[in-house]
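Colleague: Quick one: structure below, then a few questions.
Just so you know, all these numbers are worked out from the coordinates, no wet-lab data involved. These numbers were taken from a predicted model, which means no experiment stands behind them. Cβ sites come from the backbone with ideal geometry, for glycine too, and all protein chains shown count toward neighbours.
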Amino acid sequence: MLLFFFTHIFCTWWNFSENEFPSIVRNSINKPLFALCYSPYCPHCIGLPEGFQNYNKGIGNRSDILITSIDCYNKGGCHHFGIRGTPHIALVLGTRRRYWPACPERGPEGWDRWINERIGPNLRRVHTDEEIEFSKREPTDGGTTFLLEVSSENDEFVETMRQISKTYRIYNDTFVYIVRENVTKDFIPTVYAYYSEFCYHKFQGPISQLKSFIESNKFGVFHRYDSDEFRELNRKNVNAVLFLTDSDPSPSQKDALRLLNKDHCDSGYTFGWANVKDEKNILTATGVKSVDLPLMYHIGTNKYEGRKYKGKITKIWENNFLVNNSADSRALLDAESEMITIQGIQYRGKFYFKIFFFGIIILSNIYFVISDSNEYVSKEE
């Protein structure tokens with residue numbers, strides 16, 4: 001019995017099972033699954049199944065990952081990975097297939113290095129303001145930089161954030177901490193969520209709420225939203241502006257996105273982008289036509305949602321498409337909306353008056369026709 005227990009704990013190979021796969025996925029942040037999808041009739045797959053078996057035998061008693069190979073032709077199971085061909089090597093991390101990275105490496109040394117770069121905690125200590133500034137620019141693929149300030153290396157926030165970082169590194173989030181020495185005794189551990197290199201949200205709450213704060217701020221200005229995440233923005237009524245395009249943003253477009261909230265950190269907008277060529281549902285939901293792309297699309301409260309802007313991204317603040325959510329600017333939007341509403345009421349009032357006027361004329365004519373008919377019948381009698 002003990003032999004079985006230790007064999008199970010230290011065994012990295014897992015024979016693929018449809019029934020067990022959901023539980024493997026649910027636990028994949030703690031124990032990722034390194035998977036090969038292959039076909040015995042695929043020329044490029046030759047040697048890979050055996051290579052996976054040898055890799056499994058050569059990693060010793062490593063217990064932090066699982067390894068499997070899936071015969072797509074004879075056993076199935078490859079549909080879970082949404083692939084169009086074989087071979088396909090991926091690391092299952094988390095419950096969203098979109099965030100399962102595909103491995104470009106084709107050998108044991110490359111696999112080992114590639115896996116180690118993507119699993120486990122990624123919290124590191126920084127010592128200078130220059131290192132902090134560098135870390136703010138690290139998430140170039142959609143993430144946020146979380147900076148923790150503590151007064152001691154032994155602060156419980158450090159270990160808590162270290163464990164949380166395992167879950168959120170799949171979003172390209174960066175986690176760093178700095179020990180602020182010579183601070184007062186009433187110093188409160190502080191977390192800054194830099195969703196861009198210019199702007200942040202601040203957290204000084206209890207440690208029990210730290211994960212919720214990170215969850216709410218996991219996406220940075222470069223995040224590419226998929227259909228599910230777009231629907232979530234709508235469901236939560238998030239005041240968001242997305243750059244919609246049918247291809248990946250060019251370097252100049254990406255730099256313009258980077259600068260969008262510079263000097264506008266208090267605007268209250270969430271920024272990001274979406275490739276509607278891959279996410280057709282977003283195109284359908286917004287009613288945007290492909291010929292109009294690229295453009296900026298504003299999601300927000302029902303009063304302002306569905307607004308579109310087509311032009312230079314860098315000019316978006318200059319034409320009142322976006323405004324800071326200060327009292328004055330919000331009052332301006334409310335006033336414009338109220339004017340539109342009043343004009344609509346006036347227009348509808350004129351429309352209904354015309355219907356009422358012509359209705360009176362038609363009813364009068366019908367009355368006179370009936371009266372004439374009755375008079376004619378009376379004379380006949």
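Colleague: Quote to one decimal, in nm, the extra length available between residue 323 and residue 247 on full extension: 0.36 nm per residue of separation minus the C-alpha distance between them.
Modeller: Fully extending the segment from residue 323 to residue 247 adds 24.6 nm.
Colleague: Counting other beta carbons within 10 Å of each Cβ, put 265, 72, 45 in order, fewest first.
Modeller: Neighbour counts put them in this order, fewest first: 265, 45, 72.
Colleague: May I pose another question? If amide H atoms are built 1.01 Å from N in the plane of the peptide, which residues on other chains or at least 5 residues away come under 5 Å of the amide H of residue 174?
Modeller: Here 144, 145, 146 satisfy the definition.
Colleague: I would also like to ask the following. Over segment 123-216, what is the relative contact order in whole percent, taking alpha-carbon pairs under 8 Å and six or more residues apart?
Modeller: 35 percent
Colleague: Right, another one. Can you sort 21, 34, 187 by how many other beta carbons sit within 10 Å, fewest first?
Modeller: Going from least to most buried by this count: 187, 21, 34.
Colleague: Counting only DSSP beta bridges with both residues in segment 123-216, what percent are antiparallel, rounded to the nearest 5? Working shown, then result.
Modeller: Numbers: 8 of 17 bridges.
Given both bridge residues lie in segment 123-216, the antiparallel proportion sits at roughly 45 percent.
Colleague: Could I have the simple spin-label model distance between residue 215 and residue 184, label points 7 Å from Cα toward Cβ, reported in nm to one decimal?
Modeller: About 3.4 nm, to one decimal.
Colleague: With a bin width of 5 angstrom, please list the P(r) values of segment 181-225 as percents of all Cα-Cα pairs, from the 0 bin to the one holding the largest distance.
Modeller: With a bin width of 5 Å, the distribution comes to 5, 19, 24, 20, 15, 11, 4, 2, 1.
Colleague: Separate question: With a Förster radius of 45 Å, plug the Cβ-Cβ distance of residue 83 and residue 208 into 1/(1 + (r/R0)^6) and report the FRET value to the nearest 0.05.
Modeller: Details: r = 40 Å, r/R0 = 0.89.
Approximately 0.65, to the nearest 0.05.
Colleague: Taking a ≥ b ≥ c as the square roots of the Cα gyration tensor eigenvalues, with a/c under 1.5 meaning rounded and otherwise prolate when a/b beats b/c, else oblate, which class fits segment 25-64?
Modeller: Details: a/c = 5.15, a/b = 1.57, b/c = 3.28.
Here segment 25-64 falls in the oblate category.
Colleague: Express the relative contact order of segment 227-325 as a whole percentage, based on alpha carbon pairs under 8 Å and six or more residues apart in sequence.
Modeller: Taking the mean separation of contacting Cα pairs over the length of segment 227-325, I get 37 percent.
Colleague: I've got another one for you. Per residue and in cubic angstrom, what volume does the convex hull of the Cα atoms of segment 196-261 have?
Modeller: Numbers: hull volume 7.3 nm³, N = 66.
Considering the Cα atoms of segment 196-261, their hull volume per residue is 111 Å³.
Colleague: Follow-up. Length gain on complete extension for the stretch residue 106 to residue 31, per 0.36 nm per residue less the alpha carbon to alpha carbon distance?
Modeller: Between residue 106 and residue 31, full extension yields 24.8 nm more.
Colleague: In a solvent-free Debye calculation with one equal scatterer on each Cα, what is log10 I(q)/I(0) for segment 134-245 at q = 0.13, 0.18, 0.23 Å⁻¹, listed in the order of the q values?
Modeller: The Cα Debye sum returns log10 ratios of -0.52, -0.91, -1.34.
Colleague: What is the Cα coordinate range of segment 227-325 on the first, second and third principal axes, sorted by size from largest, in whole angstrom?
Modeller: So the extents along the principal axes, rounded to whole Å, are 33, 31, 20.
Colleague: Under Stokes-Einstein, with the Kirkwood radius over Cα pairs standing in for Rh, what whole-number D in µm²/s applies to segment 167-299 at 4 °C and 1.567 mPa s? Each step should come with its number before you reach the end.
Modeller: Values: Rh = 16.6 Å.
The calculation lands on 78 µm²/s.
Colleague: Shifting gears a bit: With r as the distance between the Cβ atoms of residue 46 and residue 156 and R0 = 41 Å, compute the FRET efficiency 1/(1 + (r/R0)^6) and round to 0.05.
Modeller: Plugging the Cβ-Cβ distance into 1/(1 + (r/R0)^6) gives 0.20.
Colleague: If you consider only alpha-carbon coordinates, what radius of gyration and Dmax does segment 2-116 have, in Å?
Modeller: Every Cα atom of segment 2-116 included, Rg and Dmax give 13.6, 43 Å.
Colleague: Determine the alpha carbon to alpha carbon distance for each of 166/262; 262/312; 202/277; 185/262; 211/277 and list only those over 26 Å.
Modeller: Numbers: 166/262 30 Å; 262/312 16 Å; 202/277 35 Å; 185/262 34 Å; 211/277 33 Å.
From 166/262; 262/312; 202/277; 185/262; 211/277, over 26 Å: 166/262; 202/277; 185/262; 211/277.
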